[in-house]
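The values are calculated or read from the model by the stated rules, or taken from the named source; none is laboratory data. Owing to the predicted nature of the structure, the values given are computational and were not obtained by experimental measurement. A quick note on method: Cβ atoms are made from the backbone with ideal geometry, for glycine too, and the neighbour counts reach across all protein chains shown.
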Amino acid sequence: MVRLVTGGTGFIGRHLLRLLARREGTTYVLVRAASRERLETLVESIGAGDRLKPVQGDVTAAALGLAAADQVRLKGADIYHLAAVYDLEASEVDNQRANVDGTRHVVELAEKVGARVHHMSSIAVAGSRWKGKFTEEMFAEGQVLEHPYYRTKYDAEKIVRESSAPFRIYRPGLVIGSSETGEADRIDGPYYAFKLIQRLRNAVPPWVPLVGFEGGQLNIVPVDFVARALDSIGHRDGLDGMTFHLTDPAAQSLGDVTNEFCRAAHAPQFTLRVDSRATAMLPKEATAMLEHWKVAQTLKRRLLEGVRIPEEAIRFASSRARFTSEKAQAALEGTGVSCPPLHTYAWKVWDYWERHMDPEVPTERNLRNALQDRVVVVTGASSGIGRATAQLLAGHGARVVLVSRTREKLDALKQEIERAGGTAFVYPADLSDLDACDSMIKQVLHDHGHVDILINNAGRSIRRSIEASYDRFHDFQRTMQLNYFGAVKLLLAVLPSMRKRRSGHVINISSIGVQAFPPRFGAYVASKSALAALSRCIAPEVVDDGVAITNIHMPLVRTPMIAPTGMYKNFPTSSPEEAAEMVASAILTRQPEISTRLGKVGESINTVAPGLLQFVMTGAYHLFPDTAPKDGQSAERPPEEEISVEAATMAYLMRGIHF
């Protein structure tokens, strides 16, 4: 028996090849030149090189781009056509080329060589507005096909139905990870809800009942079931011309499916669920206003983007269609192949997603996707947090622009980055000199065209009580000059091009002091608070232009900036590398704020009971000594002085706060 598989390196294809490798005969796998190495690796892992043979071609080419000799080998073959776009966010052009043109070329080849076509269609041919049963006999029912994916899957199936070649059509439900391992390779279907579930889990205790929507029937199936069903039905006789729904005969509602994954994630569940049809009770004028009210639509879009849910996925999830599968079940009778209940494998799917697919986890792949060839400006790059951040980002493909006062240190860092295979550029500048700051950023924009990510890290910290500052107004001036005005100068310079390109990210390295207000840091905290407040004010103005602004409230980090305070040698501190990981997390999540748990506690206490926070900080003021003068001449408090047991206890209890 001879077979040809298109889309063999795809999600379903990889599972199908493992099954076909166990059967008699030869299976040729269509592969483009760019994917040949990946296919050969897969075949090697299966250990079936004698039965799985790559054949070079492309579904977008006539006759699949196959050589004449390869076409001869496929006389009377079974062609399993899996190659397609399975993405609600793909463009109409991509959908047309892969789904429609690709299927047409497969059918033309099948008619030429006398092959049978096993066409992988989708329940999407019913559209998202069909109500009631959609059976395996149904196809052209006048359904609404507004989205390119639905329309092209319908058109592709129509080409197969109207061909002269024998065919079998398979319509799987929403295909998710394996019921055996949870493994998947893309995010769609129920995966769109996973980020929302994760954030609810992190914000709300699991015993709190939530209010949600019941929704329509969400017919999801694991990829291993789809592959086994395709393999089994494809090798049974007498089934040509039939369509098979590879769906779950016991499909659950959107609400029940969501709760299954909430249980798997140990998240709160949607105990109280409202049927979406309840909106019919609202006055038509009210629903029409919400549909056309620009503010409501903007907020809806921002909410969906925040949890990474495409708007089309919401429409599909509210579908009232029910897909029967009598023919598929009859064809699978006696094979031992059936769709497993969701509750038996939901935890595997969740676990795999959270470990391997969550786009906000700082994995090698996620960071590479976010940073490859991006122009990233890092100020204060010669040491501490800036240096560690520049090394981390350059190591994942970023084109890092290094900024600080000292060229020699920047040159040394540039060489280190380049030895490790990264790319870096040196732009020395004193950012407290606003003219130098302006000149530097203009040169960067001229040389690189734009800035993708600006990391305002350069800063000056002064630890001095107000009593020791009565005659030191310049402390407040120079701290504000660098920490605030220098950062604002850069921010104002890069925002126009970011907004024009509809892509950009500004990250401000702030401080936990902005949340806890420690004594002796008035000048420093005021400057950092000013930048954080400005960022929070302008973020709503630029977010719809694709620009994010993040404030990172860093805990105490062991850098040269804290070295003059001798007692910090006895404090628990974070490393610059740990701080750089917080920056990487900010790049992936694009959240307005990144902070430690202790910082959030301090912020909450200040809101709920500001007197309590002041009481604690008053005790800290009397417990910790002033910083010794730089010349070290103070006999009472030399730089190397050990702190008291009480002070050490507070430092460890309130880890990360500057005192």
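Quick notes
- Screening the stretch 54-86 for residues that are out of contact with any Leu (no Cβ under 9 Å at 6 or more places or on another chain) and surrounded by fewer than 16 Cβ atoms within 10 Å (Cβ to Cβ) and picking the one that is nearest to Leu19 (Cα to Cα) gives Gly76.
- Residues being polar (S, T, N, Q) and under 13 Å from Arg520 (Cα atoms) - total across the stretch 447-475: 3
- Qualifying residue in the stretch 129-140 (condition: within 31 Å of the chain's Cα centre (by Cα) and surrounded by fewer than 18 Cβ atoms within 10 Å (Cβ to Cβ)): yes
- Qualifying residue in the stretch 490-506 (condition: modelled with pLDDT of 90 or more and under 28 Å from Ile605 (Cβ atoms)): no
- Residue match in the stretch 537-552 (condition: farther than 16 Å from Val378 by Cα and either more than 27 Å from the chain's Cα centre (by Cα) or at pLDDT below 85 (or both)): no
- The single condition among (1) under 30 Å from Arg502 (Cβ atoms); (2) touching a residue at least 24 places away in the same chain (Cβ under 8 Å) that Asp447 does not satisfy is (2).
- Selection from the stretch 350-360 of residues that are farther than 16 Å from Asp256 by Cα and either part of a helix (DSSP H, G or I) or modelled with pLDDT of 95 or more (or both): Asp351, Tyr352, Trp353, Glu354, Arg355, His356, Met357
- Pairing each residue of the stretch 321-340 that is of a type in the set (Val, Ile, Thr) with any residue that is assigned to a helix (DSSP H, G or I), provided the two are 6+ apart or on different chains, yields C-beta distances under 6 Å for Thr335/Ser232; Val337/Arg228; Val337/Ala229; Val337/Ser232.
- Odd one out for Leu431, checked against (1) in contact with a Cys (Cβ under 7 Å, 6 or more places away or on another chain); (2) on the phi > 0 side of the Ramachandran plot: (2)
- Scanning the stretch 419-457 for residues that are modelled with pLDDT of 95 or more and among the acidic types (Asp, Glu) yields Asp447, Asp452.
- Hey, Ala156 among the aliphatic types (A, V, I, L, M) and modelled with pLDDT of 95 or more or not: yes
- A count restricted to the stretch 522-531 and to residues that are within 20 Å of Met617 (Cβ to Cβ) and crowded, with 22+ Cβ neighbours inside 10 Å stands at 5.
- Test: residue in the stretch 394-406 that is within 30 Å of Pro190 (Cβ to Cβ) and either not assigned by TED's automatic domain parsing to the domain that holds Ile509 or not small (Gly, Ala, Ser) (or both): yes
- The criterion of at least 2 residues that are over 24 Å from Ile587 (Cα atoms) is met, among helices (runs of 4 or more DSSP H) falling completely within the stretch 370-483, by 407-419, 434-448, 473-480.
- Unmet requirement for Ser91, which otherwise passes all of (1) loosely packed, with under 15 Cβ neighbours inside 10 Å; (2) at pLDDT 90 or above: (2)
- Residue match in the stretch 390-412 (condition: β-branched (Val, Ile, Thr), within 17 Å of Gly459 (Cβ to Cβ) and either more than 27 Å from the chain's Cα centre (by Cα) or buried (at least 17 other Cβ atoms within 10 Å of the Cβ) (or both)): yes
- Members of the stretch 377-423 that are of a type in the set (D, E, K, R) and either within 16 Å of Gly486 (Cβ to Cβ) or in contact with a Cys (Cβ under 7 Å, 6 or more places away or on another chain) (or both): Arg405
- Those strands (runs of 3 or more DSSP E) of the stretch 30-135 in which 2 or more residues are without any contact (Cβ under 8 Å) to a residue 60 or more places away in the chain occupy 52-56, 116-120.
- Restricting attention to the stretch 138-150, the residues that are within 15 Å of Ser121 (Cα to Cα), in contact (Cβ under 8 Å) with a residue 24 or more places away in the chain and not aromatic (Phe, Trp, Tyr) add up to 1.
- The stretch 168-212, residues that are closer than 22 Å to Ile123 by Cβ and among the acidic types (Asp, Glu): Asp185, Asp188
- For the stretch 495-520, taking the residues that are among the hydrophobic types (A, V, I, L, M, F, W, C) and crowded, with 23+ Cβ neighbours inside 10 Å, the one that is farthest from Asp430 (Cα to Cα) is identified as Ala516.
- Selected residue (only one of Leu30, Leu42, Leu17 is within 34 Å of the chain's Cα centre (by Cα), surrounded by 15 or more Cβ atoms within 10 Å (Cβ to Cβ) and modelled with pLDDT under 90): Leu42
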